[in-house]
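The values are calculated or read from the model by the stated rules, or taken from the named source; none is laboratory data. In this text the structure is predicted, and so the values were computed from the model without any measurement. Cβ sites come from the backbone with ideal geometry, for glycine too, and all protein chains shown count toward neighbours. All accessible areas refer to the heavy atoms of the entire protein, side chains included, with ligands and DNA or RNA removed. Shrake-Rupley method; radii C 1.70, N 1.55, O 1.52, S 1.80 Å.
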Amino acid sequence: QVQLAESGGGLVQTGGSLRLSCAASGRTFSRYGLGWFRQAPGKEREFVASISWTGGSTNYRDSVKGRFSISRDNAKNTAFLQMNSLKPEDTAVYYCAAEPWGMATMTKNEYDYWGQGTQVTVSS
């Protein structure tokens, strides 16, 4: 069992930056693949970024490549999403998720554990 808690969301202007954190508790966190997803009002939850358990493999959705960066610190049971050059279309609730195979999967249904989400709002 893994419990996840996101933090770091907020209101930022276009072009600004935010760093989201995902604090995990529970056993064997370091063996899980981690992902960030987001959900805007009236839209489905979508993949943003993922990282394998070693940190050696990462994936990003095309619209955030070059602007967002995912990382993890297994010693501190924490994952991060650094978001730069933010745009109004990045506005959403951002969720951290964990999957048990240690992969940097982009498939939402592969993730077993989810946090409660943190709101990110980018003003134009």
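Restricting to the stretch 31-73, name every residue that is small (G, A, S), closer than 24 Å to W101 by Cα, in contact (Cβ under 8 Å) with a residue 24 or more places away in the chain and in a loop (DSSP other than H, G, I, E, B).
If the condition is that a residue be small (G, A, S), closer than 24 Å to W101 by Cα, in contact (Cβ under 8 Å) with a residue 24 or more places away in the chain and in a loop (DSSP other than H, G, I, E, B), then S52, S57 are the ones that fit.
Looking only at the stretch 18-39, filter to residues that are among the hydroxyl-bearing types (S, T, Y) and closer than 14 Å to G55 by Cβ; which one of those is surrounded by the most Cβ atoms within 10 Å (Cβ to Cβ)?
Pass one, the stretch 18-39, residues among the hydroxyl-bearing types (S, T, Y): 21, 25, 28, 30, 32.
Now drop any that are not closer than 14 Å to G55 by Cβ, which leaves 30, 32.
On the way: S30: 15, Y32: 27.
Within the stretch 18-39, the match that is surrounded by the most Cβ atoms within 10 Å (Cβ to Cβ) is Y32.
Residue pairs, Cβ under 9 Å, 6 or more apart or interchain, first in the stretch 80-108 and open to solvent by 30 Å² or more (accessible area, probe 1.4 Å), second part of a helix (DSSP H, G or I) and modelled with pLDDT of 95 or more. List them.
Final answer for the pair search is K87/S63; E89/S63; P100/E110; W101/E110; M103/E110.
For the stretch 52-66, how many residues meet the condition of being surrounded by 18 or more Cβ atoms within 10 Å (Cβ to Cβ) and either at pLDDT below 95 or touching a Gly at 6+ places or on another chain (Cβ under 7 Å) (or both)?
2
Do we have V93 as hydrophobic (A, V, I, L, M, F, W, C) and touching a helix residue (DSSP H, G or I) at 6+ places or on another chain (Cβ under 7 Å) here?
No, not satisfied.
Output the residues belonging to the stretch 1-54 that are within 16 Å of L81 (Cα to Cα) and acidic (D, E).
Within the stretch 1-54, E6, E46 qualify.
Would it be correct to say that S69 is over 21 Å from S124 (Cβ atoms), over 9 Å from the mean Cα position of the chain (by Cα) and surrounded by fewer than 20 Cβ atoms within 10 Å (Cβ to Cβ)?
Details: over 21 Å from S124 (Cβ atoms): yes; over 9 Å from the mean Cα position of the chain (by Cα): yes; surrounded by fewer than 20 Cβ atoms within 10 Å (Cβ to Cβ): yes.
Answer is yes for this residue.
Condition (residue is assigned to a loop (DSSP other than H, G, I, E, B), over 15 Å from the mean Cα position of the chain (by Cα) and within 18 Å of W114 (Cα to Cα)) applied to the stretch 4-26: is it met by at least one residue?
No.
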